[in-house]
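Encoded as structure tokens, the structure appears first; notes follow it.
Each reported figure results from applying straightforward, stated rules to the coordinates on display, with no laboratory input. Predicted model, so just to flag it, every value in this text is computed and none were measured. Here the Cβ is made from the backbone with ideal geometry for all residues, glycine too, and neighbour counts use every protein chain on show.
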Amino acid sequence: MTKFAAEYETALAAAVLFDRSTQGKIELTGKDAPSFLHNLSTNDIKNLPLGGGCEAYFCSATAKVLAHAFIYHVLVNGKHAFWLDVTAGFNRKLFEHLDKHLISEAVELMDHTENFAQFHLAGPTAAAVLGKALGSPVPDIGEFMHMERTFPNGVTAQIRRHDPLGLPGFDIVLPLEKAEEMKTLLLHSGAAAASDEAYEILRVEAGTPVYGIDIGEDRFVMEVPRPLRAVSYEKGCYLGQEPIVMARDRAGFVNRSFFGVKTDGVHPLPAGTKLYRDTQEVGLVTSSVISPRLKAPVAIGYLRRGHQDTGLKLTAGTGDDAVEAEVLGYPPVAGF
């Protein structure tokens, strides 16, 4: 059994700890912060309650995806604020996008990426491990809900429910100088350290996209995963709204959607591999791994409308490198 396989099995059976400190961390404060974010993102920020969170996209006027974030309504020094959890390496891009649209609004932007550590605790026993570390049971809260807690060692952290791996999970965000202390506490409380490689396997199996890999500025927001939870149709005007509403009300469909496939090959599919039905190009792979659960390569990417039925046989690649592929449901590997 490889190291990654052992970490994977522990994640499915118990709890593992991933270091996700490279995630971008942007904070917005000021009385206009809710409306400012509301007008630039796809989700309803004005009505986001304290202690709540949501997934959202930031779009161009043509609804192409410029950035992706999880937005949390928090208290900072007793004042309301919003914390944006941004794809690693894209914090400056989003910061500059927000700053460009900041005109006269009472909003202050701060990039905390370099000052805070972030861990992801995942697995069936994650809540029990976290409760042991805290010294008290963890409340049963829904995804994206969050709370601030001080651990018995005096470290105060923001704790968020978040399930990007298809497993019960918690993001734990705290000052960088306390990272090693927190890691030691969580490992002593029953978590096992796990690698980025194990995280990648689990996230592809769960069908969770990463901006810059699975999503980019070439993608229409309604094509990308989970638009139903990241796009609000009840809110007022925002950047990119018109083409999104047109796709829903006039066309009633989008030309491509995010799906999973598995292949009969022995290696993951390279990013950019094209998918064919007979000789017609019908899709594109963005991420791929070997799935221990399916004992086969699994990929996520985009399929054209009319070629998305579960079980449909396709071909991945061309020539001597071509392998048979089969369309999976979404998420690609369910039932954790």
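For segment 18-108, which trypsin sites (Lys or Arg not before Pro) are both in a DSSP coil and crowded by at most 14 other Cβ atoms within 10 Å?
Of the trypsin sites (Lys or Arg not before Pro), the ones in loops of segment 18-108 whose Cβ has at most 14 other Cβ atoms within 10 Å are LYS31, LYS46.
Over segment 231-336, what relative contact order in percent results from Cα pairs under 8 Å that are six or more residues apart?
Worked out over segment 231-336, it gives 29 percent.
I'd like to know which of LEU66, GLY53, ALA322 lies farthest towards the positive end of the charge dipole of the chain, counting +1 on Cβ of Lys and Arg and -1 on Cβ of Asp and Glu.
It is GLY53, whose Cα lies furthest towards the positive end.
Between segment 1-55 and segment 140-181, what is the C-alpha centre distance in whole Å?
Measuring centre to centre over Cα atoms gives 10 Å.
Which of ILE290, ILE159 has the fewest other C-beta atoms within 10 Å, and how do the rest follow up to the most?
By the 10 Å Cβ count, ascending, the order reads ILE290, ILE159.
Here are several values of volume of the Cα convex hull per residue in Å³: (i) 135; (ii) 126; (iii) 207. Which one was derived from the coordinates shown?
Label (i) holds the value from this structure.
For LYS235, which aspartates and glutamates qualify as cross-link partners when the Cα separation must be under 14 Å and same-chain residues fewer than eight apart are set aside?
In chain and number order, the partners are ASP44.
Please label the shape of segment 255-336 as rounded, prolate or oblate, based on the square roots a ≥ b ≥ c of the eigenvalues of the alpha-carbon gyration tensor (a/c under 1.5 means rounded; beyond that, a/b larger than b/c means prolate, else oblate).
It comes out oblate by the Cα gyration axes.
Describe numerically, in nm with one decimal, the distance between label points set 7 Å from Cα along Cα→Cβ at ALA193 and at VAL254.
3.9
Given axes a ≥ b ≥ c from the Cα gyration tensor, I'd like to know whether segment 18-119 is rounded (a/c under 1.5), prolate (a/b larger than b/c) or oblate.
rounded
Summing -39500 (n - 2.57) over the DSSP H runs of n ≥ 4 in the chain and dividing by its residue number, what mean residue ellipticity at 222 nm do you reach, to the nearest 500 deg cm²/dmol?
-6000 deg cm²/dmol
Report the chymotrypsin sites (Phe, Trp or Tyr not before Pro) located in segment 245-318 that are in a DSSP loop and have at most 16 other Cβ atoms inside 10 Å of their Cβ, or state none.
Sites meeting the loop and neighbour criteria: PHE253.
Please report Rg (one decimal) and Dmax (integer) in Å for the Cα set of segment 192-302.
Rg then Dmax for segment 192-302, in Å: 16.2, 50.
Using Cα-Cα distances under 8 Å and only pairs 6 or more residues apart, what relative contact order does the chain have, in percent?
Value for the chain: 19 percent.
Enumerate lysine pairs in segment 3-201 that are 8 or more residues apart or on different chains, then count those whose Cα atoms are under 16 Å apart.
Taking the Cα cut-off of 16 Å, the pair count is 6.
Using a 10 Å cut-off on Cβ atoms, rank the peptides 49-56, 37-44 from the highest mean neighbour count down.
Top to bottom by mean Cβ count within 10 Å: 37-44, 49-56.
Identify the GluC sites (Glu not before Pro) of segment 94-147 meeting these criteria: DSSP loop state and at most 11 other C-beta atoms within 10 Å of the C-beta.
Passing both the DSSP loop test and the Cβ count: GLU114.
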